[in-house]
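> Okay, handing you the structure first.
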Amino acid sequence: MKNRWMLTAACALAALAPASPSLAQTAPVERLPDVIYVPTPPEVVEAMLDMVELKDGDVLYDLGSGDGRIPIAAVKRAKVKATGIDIDPERIAEARANAKAQGVEGKVTFKRDDIFTTDFSDASVVTLYLLNSLNEKLMPRLLQLKPGTRIVSHAFTMGDWKPEKTADIDGRQIFFWTVPAR
């Protein structure tokens, strides 16, 4: 009986497999988000933008941008180029709808992409609300940004890279770093 069940299961799996290896390669499996979406409270968004001293001409990337609240707040505050990057198509759609509702559609960009492979090398400001492990995974790329690039993270640090500033906003921590000269 056990062998018959195993044979039935094996046949069922074989039936689900593509007929040829080339068919399997034409439809790659997309990566799922690394974290669940948890929105940053508005007062923390404002404190993060204060901490990086956001100014006209900045190029801001929000890595794992969720509903777009940080890039939207940035373009409402200063004349900046703001881009939110998220791997989740639902979050990107929500961010675009939020930008339209806030009257900043066309002033902010939301891009569905993988934060570990996308190009954000022109950043002068990077905002994050990920996990310690993801921040640490991003750290080599962040350290390759132009010296002086400002980075702020909600709740999570960068391992051995000690923050230059920290703040507590109603029990929520934010951390600030500047990319050093090479």
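> So, R0 is 30 Å and r is the distance between the beta-carbons of residue 167 and residue 143; what FRET efficiency does that work out to, to 0.05?
0.85
> How much accessible area per residue does region 36-120 have, in Å², with a 1.4 Å probe?
47 Å²
> Oh, and also: Just to be sure I understand the model, the point goes 7 Å from the Cα along the line to the Cβ. What's the resulting residue 160 to residue 97 distance in nm?
The modelled label-to-label distance comes out at 4.5 nm.
> Let me make sure I get this right: for region 38-177, a, b and c are the square roots of the gyration tensor eigenvalues over alpha carbons, sorted descending. Under 1.5 in a/c it's rounded, otherwise prolate if a/b > b/c, else oblate. Which is it?
rounded
> Okay, next question. In region 47-104, what percent of the accessible surface is made up of carbon and sulfur (1.4 Å probe, ligands and nucleic acids excluded)?
On region 47-104, the fraction of accessible area on carbon and sulfur atoms equals 47 percent.
> So for the pair residue 122, residue 79, with labels modelled 7 Å out along Cα→Cβ, what separation do we get in nm?
1.7 nm
> Past the 22 Å Cα-Cα mark, which pairs from 111/137; 79/162; 137/162; 76/162?
Check vs 22 Å cut-off fails for 79/162; 76/162.
The values are calculated or read from the model by the stated rules, or taken from the named source; none is laboratory data. Computed from a predicted model, the values in this text were never measured in an experiment. Every residue, glycine as well, gets a Cβ built from its backbone with ideal geometry; the counts of neighbours run over all protein chains shown. Accessible surface areas use protein heavy atoms only, side chains included; no ligands, DNA or RNA. Shrake-Rupley method; radii C 1.70, N 1.55, O 1.52, S 1.80 Å.
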